[in-house]
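To keep things clear, I will list the structure first and then write my remarks on it.
The values are calculated or read from the model by the stated rules, or taken from the named source; none is laboratory data. Worth saying up front: this structure is predicted, and the values here are computed from it rather than measured. Cβ placement follows ideal geometry from the backbone for every residue including glycine, while neighbour counts extend to all protein chains displayed. Each accessible area value is taken on the protein alone, full model and side chains, heavy atoms only, with ligands, DNA and RNA left out. Shrake-Rupley method; radii C 1.70, N 1.55, O 1.52, S 1.80 Å.
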Number of protein chains: 2
Amino acid sequence: MAHRVTINDVAARSGVAISSVSSALNGRPGVSEATREKILAAAEELGFVPSVRGRSLAGKKTFSVGLVVHRDPDVLELDPFFGGFIGGIESYIDERGFALVLQTSPGASEILERYRRLAAGRRVDGVFLNELEVDDARVPTVQDLGLPAVGIGADDAFPLPSVRQDHRPGIDALVEHLTELGHTHFAFVGGPPRFVHSRQRELAWRESLTARGITPGPVVDGGFTYEGGIAAANALLANRTRPTAVICANDLSAMGFIAQAQHHGFDVPGDLSVAGYDGIQLGSYLRPTLTTIQTSPNQIGFEAARLLLQAIDGEPTVDVNVPAAELVIRHSTGPVPSSN
Amino acid sequence: MAHRVTINDVAARSGVAISSVSSALNGRPGVSEATREKILAAAEELGFVPSVRGRSLAGKKTFSVGLVVHRDPDVLELDPFFGGFIGGIESYIDERGFALVLQTSPGASEILERYRRLAAGRRVDGVFLNELEVDDARVPTVQDLGLPAVGIGADDAFPLPSVRQDHRPGIDALVEHLTELGHTHFAFVGGPPRFVHSRQRELAWRESLTARGITPGPVVDGGFTYEGGIAAANALLANRTRPTAVICANDLSAMGFIAQAQHHGFDVPGDLSVAGYDGIQLGSYLRPTLTTIQTSPNQIGFEAARLLLQAIDGEPTVDVNVPAAELVIRHSTGPVPSSN
DNA sequence: GAACCTAACCGAAACGTTTCGGTAAACAAG
DNA sequence: CTTGTTTACCGAAACGTTTCGGTTAGGTTC
């Protein structure tokens, strides 16, 4: 295997000191235009690529950022968020020479330990905090460690830089859509209440209804899963005074809900309108196709990466709001059934 | 921010040289049991965590491995393979202090460049080569670079260490299942032929049929996508001599196929049996639930990681075959329709 | 008790960068 | 011509480990 070309080789080749090579390559002042070009030429000829190892030791940076995804059984398989999110992160950090270090955590209990380990060995320069929980334990942890971090979808009082996508306009538009179709009996299939975004979505639903003078109906936890959607359908459709419009906190639970509703003999949207949240591609493949609220994981990832790199560089950051999630009307919602 | 505790602090605290600390912590000989314990205690008290930066420079290793996933629009979102695969990788490398560096590549053309970059800065110690293509350009690339690599699902003649999961038993069982149901007209919805696994699955289908004296029917490219499955259904069901049993190279195209078949008024499995390949969780949520062949991405990831770390350590490797993918009979396959 | 061996431990170099203080040269100001 | 200032460049330290040759102390052997 060919000897790796180092900064010394470039220095020797261009007849200058390595410090000058470093300055030239990093666009720092203190080197004349003539020698800069000479150095760049030498580096080019030798095919010099700076060693991430060397520069991370010297520069106190690892040039990588971390993301911990808690993998219950198959989050990565079924959670559509991560794909786009990771893609968005990549598209920003790549050009800046950063890499994404991904860790999976088997259970909620290990997740803190994962962050600790990433931070302790200074394996990453910063981390993303996704799926924030209420009073999330990761926040004090990264603060203690002095590890730059960016929160995703945080509440207003969040103490770290964060990226948000407003859910209220989408949910409000959805509620408006449904009320225009005549619906007055609304239910909500939420996510686990420990998650901030579970609460946010439910709150938006509640506020949107009360603002229209409609009393919010029952709320059940669908756990963001298909099975949770099934259970929610069982719970909500047993009563005689069942809702005619059901809004689910994510698409997956909406899918389970619809399937189970159909299993019980209900027609969607004939007897019952159901909507999801996320906008996963699969929603357009279902029968009926899924009315949902389209989020922008890609954009969120991009902005989060931008913020995180700013924070790492010690620059001040200002929280960003990506354009609000938008309502996508498809065929799982329709007119309220005539009360017969 | 508290001063980072280094190996020097541990050495000072336990009154020995840093070299002894290094030896003690890495379980190397040359240090008595007594001092080893003293050192371990000191390290524990100080909360010492070796800096990945330092050790990677000195040890000529970065303690990370790379995976490039080509992200067309939303591979990560819809391709169920990666979730389990990444999980499997993690569960092995984590304990060994390795991390996974994930890169996404917008298009097929950039993917080589991505591997080059990972290798050039020696950002990773080795890479996984997934979704192998026929005459894959990555193979000579990593060989030139001297970068350890492990192939996933390679053909027999593959020149690098590799992990395989035999598809033949599953496909053969599926064909047997269908022939027992009376089917004799088989079609295949394949993947892009440039992928090794596309060819493998089609070949297995072909061999299984001919072994039973059945002439393989038409083959169309479903591109591993939902839309491809739709197109395949349009192509295969237009003819009057349509197949009664369709095997798709993955679940997603099978889903598209079924949806479109239903759209054309066919009952699945009444008029037509359709099976997929992969075993994604979603398959059990469909109506009808999807007969498929269950693969083990998690196990493949685990074994691939094991092999890769062996290769990185310069140990000899022996290719591994994880247990073959297994047939899962659900409700998208049924008796051949009585020829009326 | 001299000669030898071995285990335990130490010191310093090495890895490939960045950074910083310093020096020499060129130039301007007086 | 002296003094001061700037610019270009150099040399060496620093980052936190691993590794390796060397030294010491303790124990064997004869």
Using just the alpha carbons, could you tell me how many Å³ per residue the convex hull of chain B encloses? 166 Å³
Using θ = phi - 60° and the Karplus relation 6.51 cos²θ - 1.76 cosθ + 1.60, list the HN-Hα couplings for segment B:305-322 in order, rounded to whole Hz, with x at every Gly or Pro. 5, 4, 4, 5, 5, 4, 4, 5, 7, x, 7, x, 10, 10, 3, 10, 10, 7
Which one, B:Ser332, B:Ala41, B:Thr291, is farthest towards the positive end of the dipole of the protein assembly as shown when Lys and Arg carry +1 and Asp and Glu -1 on their Cβ? B:Ala41
Tell me which residues come under 5 Å, amide H to amide H, from B:Val69 once H is placed; ignore anything under 5 positions away on its chain. B:Gln103, B:Thr104, B:Ser105
Residues in segment B:162-189, backbone N under 15 Å from the label point at B:Thr215 (7 Å along the Cα-to-beta-carbon vector): list them, ranges by number please. B:184-187
Collect residues whose amide H, placed 1.01 Å from N in the peptide plane, falls under 5 Å from the amide H of A:Thr291; neighbours closer than 5 in sequence don't count. A:Gly276, A:Arg330, A:His331, A:Ser332, A:Thr333
Accessible area of A:Arg168, 1.4 Å probe, to the nearest 10 Å²? 130 Å²
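Applying a 10 Å radius around every beta-carbon, put B:4-11, A:23-30 in order of their mean neighbour count, most first.
Values: B:4-11: 17.4, A:23-30: 12.6.
In descending order of packing, they fall as B:4-11, A:23-30.
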Average beta carbon contacts from partner chains per residue of B:96-105, 10 Å cutoff: 5
Any idea what the relative contact order of segment B:1-60 is, in percent, if you count C-alpha pairs under 8 Å spaced at least 6 apart? 38 percent
With contacts defined as alpha carbon pairs under 8 Å and 6 or more residues apart, what's the relative contact order of chain A in percent? 17 percent
Alpha-carbon Rg with Dmax, taken over segment B:168-295, Å: 12.9, 35
Assume the label is 7 Å from Cα along Cα to beta carbon: what separations in nm does A:Thr184 have to the matching positions in the other copies? 6.3
Mind checking B:247-259 for the average number of partner chain beta-carbons within 10 Å of each residue's beta-carbon? 1
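After finding the eigenvalues of the alpha carbon gyration tensor for the protein assembly as shown, what semi-axes result from the square roots of 5 times each, listed largest first in whole Å?
Over the Cα atoms of the protein assembly as shown, the ellipsoid semi-axes are 47, 34, 23 Å.
If R0 is 41 Å, what FRET efficiency do you get for B:Glu315 and A:Ile18 from their C-beta distance, rounded to 0.05? Can you show the working numbers first?
On the way: r = 36 Å, r/R0 = 0.87.
So the FRET efficiency works out to roughly 0.70.
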Counting helices only, and only those DSSP H runs with n ≥ 4, report the 222 nm mean residue ellipticity of the protein assembly as shown as the sum of -39,500 (n - 2.57) divided by its residues, in deg cm²/dmol to the nearest 500. -13000 deg cm²/dmol
Cα to Cα, under 19 Å, and not fewer than 8 places away if on the same chain: which lysines meet these conditions relative to A:Lys61? B:Lys60, B:Lys61
Stokes-Einstein at 25 °C, 0.890 mPa s, Kirkwood radius from Cα pairs: D for segment B:7-50 in µm² s⁻¹? 250 µm²/s
So the FRET efficiency between B:Glu180 and B:Ser109, C-beta based with R0 = 60 Å and rounded to 0.05, is 0.85
In order over segment A:107-117: 3J(HN,Hα) from phi, Karplus 6.51/-1.76/1.60, θ = phi - 60°, whole Hz, x for each Gly or Pro, gives x, 4, 5, 7, 5, 5, 4, 4, 5, 4, 5
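Hey, got the dipole for segment B:168-295? About the Cα centre, +1 on K and R Cβ, -1 on D and E Cβ, debye to the nearest 20?
Working: 9 positive and 11 negative charges, 47 e Å.
It comes to approximately 220 debye.
Residue by residue through A:292-299, how many Cβ atoms from other chains fall within 10 Å of the Cβ on average?
On the way: counts 0, 0, 0, 0, 0, 2, 4, 0.
The per-residue average across the peptide is 1.
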Residue-wise HN-Hα coupling along segment A:243-250, computed from phi with Karplus coefficients 6.51, -1.76, 1.60 (Hz; x: Gly, Pro): x, 9, 10, 10, 10, 9, 6, 7
Round to the nearest 10 and report in Å² the accessible area of B:His264, as given by a 1.4 Å probe over the protein chains' heavy atoms. 90 Å²
